[in-house]
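Chemist: Once you've had a glance at the structure underneath, I'll fire off some questions.
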Amino acid sequence: VLTMARKTIACIDIGRTKTSIALAEIDGFVIDIIELPTQLELGPFQILEEIVNKLDTMFQETKSTPMILGVCCPGPLDIERGLVLSPPNLPGWTDFPLVELIHRRFEVPVVFDNDANAAALGEYKFGVGRGIDNLVYVTVSTGIGGGIIVNGQLIQGVGVGAGEIGHITVLPDGPLCGCGARGCLNAISSGNAIATNARQRLIEGNASILKSMVTDLENITAQIVAEAAIRGDLVARQVWDEAVYYLAVGIGNVVVTLSPEAVVIGGGVSASNDLLLTPLRRLILERTKILPVERIAILQAGLGANSGIYGALAMAAEKLGSSDG
Ligand SMILES: [Zn+2]
């Protein structure tokens with residue numbers, strides 16, 4: 001007698017420093033989430049090999065087989081062809097056929113999107129955005145990404161896709177961004193930009209406690225700048241305030257365009273709550289007077305570092321639902 005193997009949804013969120021893998025029931029109930037370090041020096045093929053081996057172990061332990069896989073990673077991506085197109089956050093992943101390789105291994109459908117779009121969906125389906133059918137998600141981490149939900153649907157656009165809030169121009173002819181354009185929000189307010197700007201001010205000779213907080217200027221991070229700002233350091237404060245100001249300019253433009261019910265802020269830099277959310281809320285509201293601003297909530301993401309993996313789950317569950325009907 002054949003016993004039917006238990007069917008599960010498998011999810012993968014590949015990030016620059018860590019990769020999350022999750023297994024969930026068909027109804028979306030999460031069975032397990034694990035994290036692996038992303039050892040970029042190994043290259044994409046070996047990293048993927050480790051991920052699928054880990055998944056195989058999880059299938060064996062739960063005596064299950066996947067029905068579908070949801071996968072997300074940093075963009076830019078070619079969604080239609082399932083390719084990873086040299087993301088700044090995954091060096092060495094050039095035209096990498098991620099979807100095809102996963103599909104070959106497990107022989108089930110694979111749904112795929114960039115990590116910020118996935119995180120938007122994760123927050124909408126499982127996080128602080130539950131029940132909020134019109135929301136904008138912005139991740140402020142080493143880079144800035146975004147995802148937009150309108151009427152309960154993720155806005156996809158064409159090509160590499162919609163929601164690239166990190167690449168809105170906030171300072172025409174401003175600093176060069178990794179995308180090749182100038183003055184993108186990402187080039188001014190991302191964690192990397194905050195660290196670079198602080199470093200630059202120290203090189204210019206400004207006095208700051210930042211110098212005593214690191215052994216090497218290269219080790220300055222946005223988190224360290226935030227700590228120095230809290231301790232009253234003038235240089236750190238200026239760098240931080242400038243980043244938050246331009247973040248409000250960029251997000252304010254999105255808010256007046258879409259009039260969302262909520263803006264959800266995620267990513268590592270957003271952990272500095274009082275230093276970020278409170279001034280950001282005030283600055284956004286100052287710039288969006290045309291709207292009934294009191295109805296727009298500025299919220300901290302609810303799933304922390306797991307927004308993306310929950311989004312991969314939501315994408316896969318949605319696909320299953322649509323192919324059922
Ligand atoms: Zn850009």
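FYI, it's all coordinate maths here, none of it is from the lab. Not measured: the values here are computed from a predicted model. Please note: Cβ atoms are built from the backbone with ideal geometry, for glycine as well, and neighbour counts cover all protein chains shown.
Chemist: Looking at segment 230-271, which of its residues are assigned to a loop (DSSP other than H, G, I, E, B) and either touching an Asp or Glu at 6+ places or on another chain (Cβ under 8 Å) or within 24 Å of Ile132 (Cα to Cα) (or both)?
Modeler: Hits for segment 230-271 are Ser259, Pro260, Glu261, Gly267.
Chemist: Among the candidates Asp13, Asp95, which residue alone is acidic (Asp, Glu), within 26 Å of Leu176 (Cα to Cα) and touching a strand residue (DSSP E or B) at 6+ places or on another chain (Cβ under 7 Å)?
Modeler: Only one candidate passes the filter, namely Asp95.
Chemist: Among Ile34, Ile9, Ile51, which is under 13 Å from Leu313 (Cα atoms), over 17 Å from the mean Cα position of the chain (by Cα) and among the hydrophobic types (A, V, I, L, M, F, W, C)?
Modeler: From the options Ile34, Ile9, Ile51, the qualifying one is Ile9.
Chemist: Scanning segment 104-130 for residues that are surrounded by 20 or more Cβ atoms within 10 Å (Cβ to Cβ) and of a type in the set (Val, Ile, Thr), which turns out nearest to Gln300 (Cα to Cα)?
Modeler: Among residues in segment 104-130 that are surrounded by 20 or more Cβ atoms within 10 Å (Cβ to Cβ) and of a type in the set (Val, Ile, Thr), the one nearest to Gln300 (Cα to Cα) is Val128.
Chemist: Please determine whether any residue of segment 208-218 is closer than 24 Å to Leu299 by Cβ, surrounded by 14 or more Cβ atoms within 10 Å (Cβ to Cβ) and either of a type in the set (A, V, I, L, M) or away from the ligand (no atom under 16 Å from the Cβ) (or both).
Modeler: Within segment 208-218, none of the residues are closer than 24 Å to Leu299 by Cβ, surrounded by 14 or more Cβ atoms within 10 Å (Cβ to Cβ) and either of a type in the set (A, V, I, L, M) or away from the ligand (no atom under 16 Å from the Cβ) (or both).
Chemist: Any residue at all in segment 158-165 that is in contact (Cβ under 8 Å) with a residue 12 or more places away in the chain and touching a Ser or Thr at 6+ places or on another chain (Cβ under 8 Å)?
Modeler: Within segment 158-165, none of the residues are in contact (Cβ under 8 Å) with a residue 12 or more places away in the chain and touching a Ser or Thr at 6+ places or on another chain (Cβ under 8 Å).
Chemist: Something else about it: Looking at (1) within 21 Å of the chain's Cα centre (by Cα); (2) surrounded by fewer than 18 Cβ atoms within 10 Å (Cβ to Cβ), find the lone condition where Ile290 falls short.
Modeler: (1)
Chemist: Could you check, for segment 149-163, whether at least one of its residues is crowded, with 23+ Cβ neighbours inside 10 Å and within 9 Å of the ligand (Cβ to nearest atom)?
Modeler: no
Chemist: Please go through segment 190-228 and pick out each residue that is in contact with an Asp or Glu (Cβ under 8 Å, 6 or more places away or on another chain), not charged (D, E, K, R) and not in a loop (DSSP other than H, G, I, E, B).
Modeler: Asn197, Leu210, Met213
Chemist: Cβ-Cβ distance below 6 Å, separation of 6 or more or different chains: which pairs start in segment 74-103 with a residue that is of a type in the set (D, E, K, R) and end on one that is surrounded by fewer than 17 Cβ atoms within 10 Å (Cβ to Cβ) and part of a strand (DSSP E or B)?
Modeler: Partner pairs satisfying both residue conditions: Asp78/Leu85.
Chemist: Restricting segment 293-325 to residues that are within 18 Å of Asp133 (Cβ to Cβ), small (Gly, Ala, Ser) and surrounded by fewer than 16 Cβ atoms within 10 Å (Cβ to Cβ), which is nearest to the chain's Cα centre (by Cα)?
Modeler: Ala297
Chemist: Please count how many residues of segment 173-184 are part of a loop (DSSP other than H, G, I, E, B), more than 6 Å from the ligand (Cβ to nearest atom) and under 21 Å from Leu85 (Cβ atoms).
Modeler: Residues flagged as part of a loop (DSSP other than H, G, I, E, B), more than 6 Å from the ligand (Cβ to nearest atom) and under 21 Å from Leu85 (Cβ atoms) within segment 173-184 amount to 2.
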